[in-house]
Amino acid sequence: MTVIGVDDTDSRRRGMCTTYLAARIAERIAAAGGRVDERLLIRLNPAVERKTRGNAALAIHTDLDADRAAEIAREELEPLAETDDPRTSPGLVVADCGADEIPDAVTRFARDAVREMHELDDALALVDDAGFHAEGWGSGHGRIGALAAVGAAGAFSEWTYELIAYREFDRCGTPREVDENTLFAAADDAYPDAWDTVDRGEGEAVCVPSAPGPILYGLRGDDPDALREMAADIDAEPVERTALFRTNQGTDAHLREAAVDDLTALDDAGAYRVDCVVAGEPETREGGHVFVPIRGESGAAIRAAAFEPTKRFRDRVRALRPGDELTVCGEVSDGTLKLEKFAVRALNRTELVTPTCPDCGNRMSSAGSGQGYRCRDCGTSAPAKVEIEVDRALDRGWYEVPPCARRHVAKPLVRGGFDAPTHPER
């Protein structure tokens with residue numbers, strides 16, 4: 001048995017896609033008489049600077065001899081990888097064993113690669129210890145992700161699927177032809193077994209990329225049969241090939257559970273699920289970004305942010321008030337937690353307001369520092385502000401960014417398994 005891992009063959013500027021390379025490698029293996037047992041698409045830490053948008057690494061499990069598998073992978077990689085782009089540094093790792101024989105240290109490396117930062121030297125030391133074959137092009141940083149892909153099968157307990165349709169290769173760089181009427185109809189029929197295909201609120205075909213690569217569309221969900229049926233109902237330009245991948249997408253595998261009182265202790269470039277209290281009023285700033293201060297039981301407040309691309313999710317954040325108790329999920333960057341979802345645990349339903357005069361019904365005015373309030377017309381007074389009940393635009397439960405803004409690895413609420421009522425976006 002053999003496990004092949006590849007990573008970092010694509011380019012932000014020129015397209016290509018490591019999933020396309022993996023699909024071609026798998027086809028070549030089958031043509032050479034090998035059996036392809038598994039295609040894995042692994043989303044790694046979304047905070048890594050050296051990445052394209054999805055930060056995906058790929059693994060292929062086969063019964064083909066490791067030397068022949070490495071030869072095929074190299075033959076497919078070298079002409080396709082965008083090695084002229086200085087930010088593209090392909091890596092190939094080949095393990096001459098089955099998934100159940102991968103060393104525990106490599107499995108831990110794969111699990112940590114979604115939540116932490118790895119150094120290339122550490123990856124290469126593990127490769128040597130395990131006796132794996134590895135090759136790199138350019139700086140070869142892709143060997144980090146390739147090793148993580150090799151160890152991924154035993155690293156995660158929750159899996160979903162993605163069915164990817166690829167364009168005829170000579171069409172890359174031209175506008176994609178996908179009929180959105182049939183796409184939106186197919187998305188409705190497949191929901192909730194398939195999710196994050198479209199964003200109805202924004203009218204956006206989320207599954208159709210804009211980058212100049214070979215992917216025509218990618219359908220995500222929990223049921224492979226539902227994805228296949230959905231693809232059959234979409235009218236589009238000719239499809240060169242399709243590939244089904246098992247993946248850790250949509251699982252929140254990147255989130256660390258953090259039981260901390262002081263939120264300033266959270267590390268940058270880490271993604272967390274943490275309990276907190278709203279510490280001030282939300283503020284909308286230039287560009288439409290919304291910030292709200294949150295704090296733990298002790299320590300200073302930090303900012304939680306809903307940036308403009310999160311669209312209508314910002315209205316949920318604007319509806320928060322001081323004293324609301326939350327669980328928030330998101331990545332910390334420069335001391336700001338970038339919200340992916342949050343749960344309302346308890347709402348502050350009271351507000352302190354200036355009292356009204358019991359005689360005339362007008363709002364009282366301050367009588368001076370520490371002297372309470374007085375009605376200028378009637379002379380009545382009150383010692384302090386009064387507490388009133390207020391209506392809230394939020395209910396208890398989970399709220400999330402819309403599909404158009406969701407990270408690949410983030411778990412959509414529609415998948416279930418959450419500890420409070422959910423309010424899914426679609």
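The values are calculated or read from the model by the stated rules, or taken from the named source; none is laboratory data. This is a predicted model, so every value here is computed, not measured. We place every Cβ from the backbone using ideal geometry, glycine too, and count neighbours over all the protein chains shown. Note: areas computed on protein heavy atoms with side chains; ligands, DNA, RNA excluded. Shrake-Rupley method; radii C 1.70, N 1.55, O 1.52, S 1.80 Å.
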If you go through the range 259-266 one residue at a time, do you hit one that is at pLDDT 95 or above and not hydrophobic (A, V, I, L, M, F, W, C)? no
Going through (1) in contact (Cβ under 8 Å) with a residue 40 or more places away in the chain; (2) within 30 Å of ILE29 (Cα to Cα) one by one, ASP268 fails only at (2)
Filtering strands (runs of 3 or more DSSP E) wholly in the range 80-190 for at least 1 residues that are polar (S, T, N, Q) and touching a residue at least 40 places away in the same chain (Cβ under 8 Å) gives 160-167
Within the range 3-23, of all residues that are surrounded by fewer than 24 Cβ atoms within 10 Å (Cβ to Cβ) and part of a strand (DSSP E or B), the one modelled with the highest pLDDT is SER11
Output for Cβ contacts, cut-off 6 Å, separation at least six or different chains, first residue at pLDDT below 95 in the range 32-50, second surrounded by fewer than 19 Cβ atoms within 10 Å (Cβ to Cβ) and part of a loop (DSSP other than H, G, I, E, B), reads ALA47/ALA269
Scanning the range 337-365 for residues that are β-branched (Val, Ile, Thr) and open to solvent by 10 Å² or more (accessible area, probe 1.4 Å), the one nearest to the chain's Cα centre (by Cα) turns out to be THR350
The condition of being loosely packed, with under 12 Cβ neighbours inside 10 Å and of a type in the set (Ser, Thr, Tyr) holds, among SER333, SER298, only for SER298
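Determine which member of the set GLY280, GLY287 is of a type outside the set (D, E, K, R) and open to solvent by less than 50 Å² (accessible area, probe 1.4 Å).
Numbers: GLY287 fails: open to solvent by less than 50 Å² (accessible area, probe 1.4 Å).
Sole residue among the options that is of a type outside the set (D, E, K, R) and open to solvent by less than 50 Å² (accessible area, probe 1.4 Å): GLY280.
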Please work out if LEU347 is over 30 Å from ALA405 (Cα atoms) and touching an Asp or Glu at 6+ places or on another chain (Cβ under 7 Å).
no
If you go through VAL114, VAL94, the only one that is in contact with a His (Cβ under 8 Å, 6 or more places away or on another chain), open to solvent by less than 80 Å² (accessible area, probe 1.4 Å), more than 24 Å from THR251 (Cβ to Cβ) and not acidic (Asp, Glu) is VAL94
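Within the range 225-233, can one find any residue that is of a type in the set (Asp, Glu) and under 21 Å from the mean Cα position of the chain (by Cα)? Walk me through how you get there before you give the answer.
First, the residues of the range 225-233 that are of a type in the set (Asp, Glu): 225, 229, 233.
Narrowing the set further to residues that are under 21 Å from the mean Cα position of the chain (by Cα) leaves none.
Checked against the condition, which is being of a type in the set (Asp, Glu) and under 21 Å from the mean Cα position of the chain (by Cα), the range 225-233 yields no hits at all.
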Over the range 238-264, the set of residues open to solvent by 10 Å² or more (accessible area, probe 1.4 Å) and part of a loop (DSSP other than H, G, I, E, B) is PRO238, THR251, ASP252, ALA253, ALA258, ALA259, VAL260, ASP261, ASP262
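Okay, residues lined up against (1) among the acidic types (Asp, Glu); (2) within 13 Å of ALA153 (Cβ to Cβ); (3) within 25 Å of the chain's Cα centre (by Cα):
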| residue | (1), (2), (3) |
| --- | --- |
| ALA66 | no, no, no |
| ALA69 | no, no, no |
| VAL94 | no, no, no |
| PRO103 | no, yes, no |
| VAL106 | no, yes, yes |
| ASP112 | yes, no, yes |
| GLU116 | yes, no, yes |
| LEU120 | no, no, yes |
For GLY221, state whether it is within 27 Å of ASN45 (Cβ to Cβ) and either modelled with pLDDT of 95 or more or open to solvent by 10 Å² or more (accessible area, probe 1.4 Å) (or both). yes
Somewhere in the range 134-156, is a residue more than 21 Å from ARG43 (Cβ to Cβ) and either β-branched (Val, Ile, Thr) or open to solvent by 50 Å² or more (accessible area, probe 1.4 Å) (or both)? yes
Of the residues in the range 157-174, those that are modelled with pLDDT of 95 or more and open to solvent by 40 Å² or more (accessible area, probe 1.4 Å) come to GLU158, TRP159, TYR161
When restricted to GLU325, GLU400, the only residue within 22 Å of ASP261 (Cα to Cα), touching a residue at least 12 places away in the same chain (Cβ under 8 Å) and surrounded by 12 or more Cβ atoms within 10 Å (Cβ to Cβ) is GLU325
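Got a sec? Which of ASP235, ASP225, ASP252 is free of Cβ contacts under 8 Å to residues at least 12 places away in the same chain and of a type outside the set (A, V, I, L, M, F, W, C)?
Working: ASP235 fails: free of Cβ contacts under 8 Å to residues at least 12 places away in the same chain; ASP252 fails: free of Cβ contacts under 8 Å to residues at least 12 places away in the same chain.
After applying the criteria, what remains is ASP225.
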In the range 324-374, anything under 16 Å from HIS423 (Cβ atoms) and part of a loop (DSSP other than H, G, I, E, B) is listed as ASP324, LEU347
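In the range 387-417, which residue that is in a strand (DSSP E or B) and modelled with pLDDT of 90 or more is nearest to GLU202 (Cα to Cα)? Let's see the steps before the verdict.
Taking the range 387-417 first, the residues in a strand (DSSP E or B) are 387-389, 397-400.
Next, only the ones that are modelled with pLDDT of 90 or more stay: 397-400.
Working: GLY397: 23, TRP398: 20, TYR399: 17, GLU400: 15 Å.
Out of the qualifying residues, it is GLU400.
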Of the conditions (1) farther than 23 Å from GLU38 by Cβ; (2) at pLDDT below 95; (3) open to solvent by less than 40 Å² (accessible area, probe 1.4 Å), the single one that THR197 does not satisfy is (2)
